[in-house]
Amino acid sequence: EEEEEEEEEEGDEEEEEEEEEKVDIEALEKALKAARKEWKKDKTDKAAKKAFKAAKQALADAKEKLENGNGKAEMEEEEKKTAGQKRSLDEANGGEENGETSWEALSAKKQKPANSNSGLPGGDVEANPKCFIGNLSWDIDDDSCKDFFKDCGTITDIFWLKDRETEKFKGCGFITFDSIEAAQKAVAKAGEQLMGRELKINFAKPRPGGERKSGGRKRDSRPPPVRPEGGTTTVFVGNLSFDIDDDSMRNFAQECGEILKIRWLTDKTTGDFKGCGFIDFSSTDGVDAFVKKNGENLMGRNIRIDYATPRN
C-alpha cells in the first residue's frame, strides 16, 4: 500500500479541482432540468426554448472542458517539480545549465548524465523502461493500451491512477516495458491519437528505493454481476460502440440463446444513443450464459453485462 501511495502522491492536489468541477456540473444539470421543465409547460414559448438550449449547451461545454482537462493538473504539477529541480541545478552550476523545462522533460534527472538521451523523443531525459501516460480517454483499459503499443514491445505492467477517495480514474497512469528500447519507441508516439485523445507520454521519474513489483490496478474495479434470486430473462449492456446494431449484438450472443428483444437507450431530448441498453432473452439460462461474456471485446470495446432487476 505504501508503494501505491508513493505512485499516486503526484495527483493529490488534483482532488480539490475535481471537487470544484463536480459542483459546477451539478449546478448546470439542475439549471438544465429547470429550463427543460419550464419549456415543457409551453413549447410555443420561444424564450423558454432558447433558455433550454442555452442551458443544454452550457452543460455540454462544461463536460467537454472537464474531459479535455483530464490529467492536466497532474501534468502541471510535474512541470512545476521539474522546473524547481532545474532552478536548483542552475544555481548550483552558476547558471550554466541551459534549455527549456516542460512536461516533456518529466523529471527523470537531477543532473544531466554523461549518457543523456537528448536526441531521443521526449527531450533531455534519462530513458528507462517505465513511462508516464496522460490525457487518456475515460474508456481506456489494459487491452486497448497494449494494442496501441504492440509495435513497441512487451508491456510488463500497467498502473492506472485513481482518486483515493472516489476511486475515479484520473485519465493517466504508468506503463512499464520489458526494455528501454521498447519504452523509447513508445515515447516516440507522443501526440498520436489514442481513442480520440492526443497521447501524452514520457519516461517516468525513477522512484527512490526502486520500482514496485508488478500488479498495477485494473482499469475497471466494478464487482462481478450478481444473479438475482430466481434469475431473470433481461440483461443490461453498456460501454457499447456507437456503431452497434441489432445484428451485431445478436451475432455476439448467438451461442447463448434466443434473443426476443433489444432496447437501445437514447437521450429523451436529443435522441442520441447512450451507448447502452437492455436485451430480453427467452430463458434465464440464456442470460446466465450471456453474462459470462462480460468484459469481452465487442466492436473494439469491452462490453459491460449485468443482470437487470426483474420488473414487478
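The values are calculated or read from the model by the stated rules, or taken from the named source; none is laboratory data. Keep in mind that this is a model prediction, so the values were computed, not measured. As a convention, Cβ positions derive from the backbone with ideal geometry for all residues, glycine included, and neighbour counts pool all protein chains shown. Please note that ligands, DNA and RNA were not included when accessible areas were found on the heavy atoms of the full protein model with its side chains. Shrake-Rupley method; radii C 1.70, N 1.55, O 1.52, S 1.80 Å.
Some notes on this structure:
- Within segment 120-134, residues that are open to solvent by 20 Å² or more (accessible area, probe 1.4 Å) and outside any strand (DSSP E or B) sit with their Cβ atoms under 6 Å from residues that are among the basic types (K, R) and modelled with pLDDT under 55, at 6+ positions apart or across chains, in these pairs: E126/K109.
- Qualifying positions in segment 147-163 - farther than 18 Å from A204 by Cα and surrounded by fewer than 18 Cβ atoms within 10 Å (Cβ to Cβ): D147, K150, D151, D163
- Tally of residues being over 26 Å from S241 (Cβ atoms) and either in contact with a Cys (Cβ under 6 Å, 6 or more places away or on another chain) or open to solvent by 10 Å² or more (accessible area, probe 1.4 Å) (or both) across segment 164-185: 13
- Failed item, numbered, when W264 is tested on (1) open to solvent by 50 Å² or more (accessible area, probe 1.4 Å); (2) at pLDDT 90 or above; (3) touching a Ser or Thr at 6+ places or on another chain (Cβ under 6 Å): (3)
- Residue within segment 190-202 that is more than 15 Å from F132 (Cβ to Cβ), modelled with pLDDT of 85 or more and touching a Cys at 6+ places or on another chain (Cβ under 6 Å) present: no
- Only one entry of S241, S248, S221 meets the criterion of being farther than 12 Å from Y307 by Cα, of a type in the set (S, T, N, Q), modelled with pLDDT under 95 and over 22 Å from the mean Cα position of the chain (by Cα), and that entry is S248.
- Positions within segment 267-290 being more than 22 Å from the chain's Cα centre (by Cα) and surrounded by 17 or more Cβ atoms within 10 Å (Cβ to Cβ), in sequence order: I279, D280, F281, T284, G286, V287, D288, F290
- Residues that are within 16 Å of P224 (Cβ to Cβ) and of a type in the set (G, A, S) were ranked within segment 291-312; the one that is least open to solvent (accessible area, probe 1.4 Å) is A308.
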